[in-house]
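The structure appears right after this line, and notes come after that.
Derivation of every value follows stated rules applied to the coordinates shown; laboratory data play no part. The structure presented is a predicted model; accordingly, all values stated were derived computationally and were not measured. Please note: Cβ atoms are built from the backbone with ideal geometry, for glycine as well, and neighbour counts cover all protein chains shown.
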Ligand code: CMP
């Protein structure tokens, strides 16, 4: 069981001006922020980040959306981080998300779903390294 995950507050949530509300939900659930920044993702970076989805029909739309405005990647620490954070944000499709989850509160659709969360401990480390250099991380998990 790992203790790190990568969250992204996506452009739709930044446009709704709810960065603060989402961070409050994350910290109230017991996560510690270990790195954070607001960036305009380049197309190259977004395409690399979502490379696992490159054969999916929504890949182009996903890259367009993730580069449509600023987003906020956040490195989070908590025991059982990946699973607990995915519970907090709710299902990918907000129509299926449980009451009280971030996506139930703020997401409009499956494509514009407010937040990202790593899906495994292994991917969490890869995704954290995608956004944060060693100097930007407060926890360096041996790298
Ligand atoms: P995320 O968990 O960040 O990682 C993959 C993303 O692809 C997902 O969130 C959604 O934003 C997006 N996605 C997944 N399924 C669909 C879909 N059917 N149509 C459009 N976007 C999707």
- Note: probe point = Cα of residue 110 + 7 Å toward Cβ; backbone nitrogen < 16 Å; residues of segment 40-54 passing the test are 53-54
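Going by average Cβ neighbours within 10 Å, how do the peptides 67-74, 5-12 rank, with the highest at the top?
By packing density, highest mean first, the sequence is 5-12, 67-74.
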- Protection proxy (average C-beta count within 10 Å per residue), highest first, orders 18-26, 84-92 as 84-92, 18-26
- Applying 1/(1 + (r/R0)^6) with R0 = 35 Å to the Cβ-Cβ distance of residue 38 and residue 98, what FRET efficiency is obtained, to the nearest 0.05? 0.80
- Query: Along the Cα-to-C-beta direction of residue 133, a point sits 7 Å from the Cα; which residues of segment 4-34 have their amide N less than 19 Å from that point?
  - Reply: 34
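For the chain, what is the convex hull (Cα atoms) projected area averaged across all directions, in square nanometres?
Approximately 8.0 nm², given one-decimal rounding.
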